[in-house]
Structures are given as C-alpha cells and as structure tokens.
Amino acid sequence: MKQGKSKLTRRDADSLFPDLQKSGTQLSSRPNNPFGDAPAEPVERTERVNRSERDEAALWKDNLVTLPMAIVLPRGYASLAAVRDAMARAWQVKWLRESKDEVVADFPEGWAAVRPPSGPIELRDPAGIVRGVYGWAGDAELRILPRYRVESQENSSSGLGSVLVRDRESGQILERSSTWSAQTGTNHPDWARLSAWLDQAFPLHDDPLRLWTDCERNRG
C-alpha cells in the first residue's frame, strides 16, 4: 500500500506566544504579561488539537490504497467504468487520482493492501478476507474475488483431490464432492456438478460485488 508522502508539521505551541519585549515605559493599568499570571492553558489546548489533527491525518492516509488501472471484468460488466462505479457503491470506495498504470483510492477504515512473502498483493477487507488480488508489474490487473466459489482440495497423503463449495465470508463449506480423484480443478469428475449446484443456489455468485454482507448493505 502506498501512502502519501506529505505529513502534517507539528507547530511549536510556544511560537504562538513569543516572548514579549519589555518596554521602558509601563502603564499602571496594564500588567507586564498581558495574559496575567494564569497558566498558558490555550497552549495546552492547541497541543491537543494538533495531536488530534495528526491522528486523523494518519488514519486517512492509512486508508489510501494504490490499485492497478486495469481490472479483470467480471461477468456482466461491459466496461472498466461500470466496474469502478459498482466498487464505489458496494465498497464505499472514493477514487482520488490516477496515473498511466495506477489509481489511488480511499477505502473505508480497516481495508488494506498486503503483500505476502510470495504471490500477488492481497486487497483485504476489515475482517482480513481477501477481496481482490493483483501484481506489482505496470501491466498488472486487479482481479476481484467472489464470495462463493468452487475450490480444489488435495489430500497430501494420497495425492488425490476433491472439490468443494466454500462461503469465503464465513469460511463455511456448503457442498463437497464425495469423490477423490487424480484429476484436479475443472477436470475433477464432480467439478461440473458442484458448479451447477452453486449456479442454482446463488445465481449472482459470478458478481464479486454482490452477495457479500457489506456490498448488499451499501447498495441499499
């Protein structure tokens, strides 16, 4: 995640009230210190305000995420503009600025882009669920991930594989193959059956900006 380089400069509270020059002539109606003998309470209050401003600015910058300009179009979306509009509604994203290959977006609190030790960068929601992945190259594309999907599962001891339907928001397995096979992925004997089950159970599952709790809530 790239953050803005500018930082709020802490103002020295003492500079707000520089030492007063003593005058050779004094008026009896005015004390030497125009603020009297009371503690410099306004200075302390300014310190608190400045600290609050710094905290808010840091939080705001922490929510900025740099994404690739290109997005893999999910099924049902005809253009990049349509996907961005849907992201703005479903994720409450604000598009701030863009360059040739990248776009900077302001995400809700808790969202972050995390680079694991290996593999693509992961765009994670406040619960830590990966909602999208993308690479570092200039021609990288953001792939938005759906809530429900058919996944392969491998048995390390036998070398055989199975398939299952997972709810990625809850982590729950909704349907599982009863067959273990040397064929994996889409070649697995039960892949077509589980895909058909998913199509029937969740007709909108191909849209990665639908069915998630936050997406449906934000869409109203």
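Here, each number is a calculation from the coordinates, and none is a lab measurement. Predicted model only: the values in this text are computed from it and were never measured. So basically every Cβ, Gly included, is an ideal-geometry build from the backbone, and we count neighbours across all protein chains shown.
Quick grid of which residues meet (1) surrounded by fewer than 16 Cβ atoms within 10 Å (Cβ to Cβ); (2) touching a residue at least 24 places away in the same chain (Cβ under 8 Å); (3) part of a loop (DSSP other than H, G, I, E, B); (4) under 20 Å from the mean Cα position of the chain (by Cα):
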position: Gly138; (1), (2), (3), (4): yes, yes, yes, no
position: Ser158; (1), (2), (3), (4): yes, no, yes, no
position: Ser162; (1), (2), (3), (4): no, yes, no, no
position: Leu174; (1), (2), (3), (4): yes, yes, no, no
position: Ala196; (1), (2), (3), (4): yes, no, no, no
position: Pro203; (1), (2), (3), (4): yes, no, yes, no
position: Arg210; (1), (2), (3), (4): no, yes, yes, yes
Looking at the range 86-112 only, could you name the residues that are small (Gly, Ala, Ser) and either surrounded by fewer than 15 Cβ atoms within 10 Å (Cβ to Cβ) or farther than 14 Å from Leu145 by Cβ (or both)? Ala86, Ala88, Ser99, Ala105, Gly110, Ala112
Any residue that is among the acidic types (Asp, Glu), in a loop (DSSP other than H, G, I, E, B) and surrounded by 15 or more Cβ atoms within 10 Å (Cβ to Cβ) - is there at least one of those in the range 118-132? yes
With the requirement that a residue be without any contact (Cβ under 8 Å) to a residue 24 or more places away in the chain and outside any strand (DSSP E or B), what does the range 87-112 give you? Ala88, Val93, Gly110
Would you mention how many residues in the range 144-156 are in a strand (DSSP E or B), within 18 Å of Leu204 (Cβ to Cβ) and not aromatic (Phe, Trp, Tyr)? 3
Against the condition of a type outside the set (A, V, I, L, M) and either closer than 22 Å to Val83 by Cα or in contact with a helix residue (DSSP H, G or I) (Cβ under 6 Å, 6 or more places away or on another chain) (or both), how does Arg97 come out, does it pass? yes
Going through the range 176-194 one residue at a time, which ones are outside any loop (DSSP other than H, G, I, E, B), touching a helix residue (DSSP H, G or I) at 6+ places or on another chain (Cβ under 9 Å) and among the polar types (S, T, N, Q)? Ser181, Thr186
